[in-house]
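Below you'll find the structure, written out as C-alpha cells, and then a few comments.
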Amino acid sequence: MFDRRIEVKTPDQIVAMRAAGLVVAEALEATRRAVRPGVSTADLDAVAEATIRGLGAIPSVVGYGDPPFPASICASVNDEVVHGIPGARTLVEGDVVSIDCGAIVDGWHGDAAITVPVGAIRPEVQRLLEITEAALWQGLAAAIVGQRVGDISHAVESSVRGSGTYGIVEDYTGHGIGTALHMDPDVPNTGRARRGARLRAGMALAVEPMVTLGLRHTLLAPDEWTVVTADGTWAAHFEHTVALTDDGPWVLTAPDGGRARLDALGVPCGAPA
Ligand code: MG
C-alpha cells in the first residue's frame, strides 16, 4: 500500500525539521524546570512562549482550530488528558501536568509533550507516567522504514497492556507532521501489526500515547478544548516527533535524537553521528 497523501521529506527538509524539534525540546525543558507548587498553567505558557520566540521560532498551537486555541502550549492537569487551556489554575503538590508544545521554524513543525510531576506524587501516578513514556519509546522504536503505521500502534498498545491495567485513549491519536502540525496519517495508540500505510524514509510522525488509570473514554469540557477522562481518573501523555530514515528512527524533538533510549531498546538511531 502506497499512500500519496503522506508527505515525504527530503533529507535536507528533515534537517530543517530538526531545528523545530530542538526548539520544542528546549521549550519543554524550560517549562519542566518551572513546574512547582504555586505556579499557574498560564505561568508555564509564558515560559514556553518566551523560550520559543527567544529562539526565533513561532508557537504552533496559538490560534489553532475553532474556537482558536488561545495559548502557546496545552497544559492538562490530572484528569485532563490533552488540549488543556493554560490559565489561572495553580498547581499543587501531587498534581501532574501534561505540557504539549509545538513550534515552527522556516515553515517546518515540531511537536512533543511531557507529563511532569508537581512535587511528590502518588506511586500509582508515578508508575502511570513511567509506563506511558515507555510505551512512547516502544512506538518510536517501531518507526522503521518498510514497516507499517500499525506496527507503531501495536508496539504502543502492547507496551501499555504488558505493564498492567490501564486505559489507552482512542479518541485522539498521533499524526503525520511536517509543513503542517497535523497531517496524514493518523497514528493510533492501539492497533494491529502489519496494517496501515507503509513507512517510508522521509516521513515524519508524532507518536503520542495518552494513558489513564481507568478507562479509555474521554469527554470534551465546556471550553470546547480541554479533553478529560470520562471516569475522572488521571491521565498521562508523552509525545515526540520522529523522522524515518534508512538508518533508523531520528527523534527530532529529543536533544540526543533519541539515541540513548533507542540504544537501550536495541534499535539503531537515524540521527547523524
Ligand atoms: Mg501531536
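Throughout, read-outs are computed from the coordinates displayed, never taken from laboratory work. Computed from a prediction, not measured in an experiment: that's the story for all the values here. So basically every Cβ, Gly included, is an ideal-geometry build from the backbone, and we count neighbours across all protein chains shown.
Through the Karplus equation 6.51 cos²θ - 1.76 cosθ + 1.60, θ set to phi - 60°, convert the phi angles of the stretch 157-173 into ³J(HN,Hα) values in whole Hz; use x for Gly and Pro.
Coupling constants for the stretch 157-173: 4, 4, 4, 5, 4, x, 9, x, 9, 9, x, 9, 5, 10, 6, 10, 9 Hz.
May I ask you to derive the relative contact order of the stretch 39-132, considering only C-alpha pairs under 8 Å and at least 6 residues apart, and to give it as an integer percent?
It comes to 25 percent, rounded to a whole number.
Kirkwood hydrodynamic radius of the stretch 68-134 from all distinct Cα pairs, in Å?
Averaging 1/r across every pair of different Cα atoms and inverting gives 13.0 Å.
Among the trypsin sites (Lys or Arg not before Pro) within the stretch 193-273, which fall in a DSSP loop and have no more than 13 other Cβ atoms within 10 Å of their own Cβ?
Arg194, Arg195
Given an 8 Å cut-off on Cα distances and at least 6 residues of separation, report the relative contact order of the chain as a percent.
21
Could you give me the ³J(HN,Hα) list for the stretch 115-130, computed from phi with Karplus coefficients 6.51, -1.76, 1.60 and θ = phi - 60°, whole Hz, x at Gly and Pro?
Here the 3J(HN,Hα) series is 10, 10, x, 9, x, 7, 10, 4, x, 5, 6, 4, 5, 4, 4, 5 Hz.
Subtract the Cα-Cα distance of Asp246 and Ala193 from 0.36 nm times their separation in residues, and report this length gain in nm to one decimal.
17.1 nm
Please give the net charge around Thr41, taking every other residue with its beta carbon less than 14 angstrom from that of Thr41, where Lys and Arg add +1 and Asp and Glu add -1.
That works out to -4.
Could you quote the convex hull projected area for the stretch 175-268, Cα atoms only and averaged over all directions, in nm²?
7.9
Based on the alpha-carbon gyration tensor of the stretch 7-146 and its eigenvalue square roots a ≥ b ≥ c, which shape applies: rounded if a/c is under 1.5, prolate if not and a/b is larger than b/c, or oblate?
oblate
Please report how far the C-alpha centroid of the stretch 116-188 lies from that of the stretch 41-68, rounded to the nearest whole angstrom.
Spelled out, the Cα-based centre of one part sits 24 Å from the other.
Specify which residue in the list Ser163, Leu199, Thr41 is farthest towards the positive end of the charge dipole of the chain, using unit charges on the beta carbon of Lys, Arg (+1) and Asp, Glu (-1), about the Cα centre.
Working it through, the farthest residue towards the positive pole turns out to be Leu199.
Quick one: length gained pulling Asp231 to Ala180 fully straight, 0.36 nm per residue minus the C-alpha distance?
So the extension gain works out to 15.1 nm.
With +1 on each Lys and Arg Cβ and -1 on each Asp and Glu Cβ, how big is the dipole of the stretch 37-99 about its Cα centre, in debye rounded to the nearest 20?
Dipole about the Cα centre, nearest 20: 220 debye.
With unit charges on the beta carbons (Lys and Arg positive, Asp and Glu negative) and the dipole taken about the Cα centre of the chain, which residue among Gly174, Gly54, Trp225 sits farthest to the positive side?
Farthest towards the positive pole: Gly174.
Per residue of the stretch 258-268, in order, report the coupling 6.51 cos²θ - 1.76 cosθ + 1.60 (Karplus, θ = phi - 60°) as ³J(HN,Hα) in whole Hz, putting x for Gly and Pro.
Once θ is set to phi - 60°, the couplings for the stretch 258-268 become x, 4, 5, 5, 5, 3, 4, 9, x, 10, x Hz.
Counting Lys +1, Arg +1, Asp -1, Glu -1, what net charge surrounds Gly248 among other residues with beta carbon under 11 Å of its beta carbon?
Local charge sum for Gly248: -2.
Rounded to two decimals, what ratio of Rg to Rh does the stretch 128-172 give with C-alpha atoms and a Kirkwood Rh?
Rounded to two decimals, Rg/Rh equals 0.98.
Need one number for the chain: average projected area of the convex hull over its C-alpha atoms, nm².
Directional mean of the projected Cα hull area for the chain stands at 13.0 nm².
Taking square-rooted eigenvalues a ≥ b ≥ c of the alpha carbon gyration tensor, is the stretch 79-224 rounded, prolate or oblate, where a/c under 1.5 means rounded and, failing that, a/b exceeding b/c means prolate?
oblate
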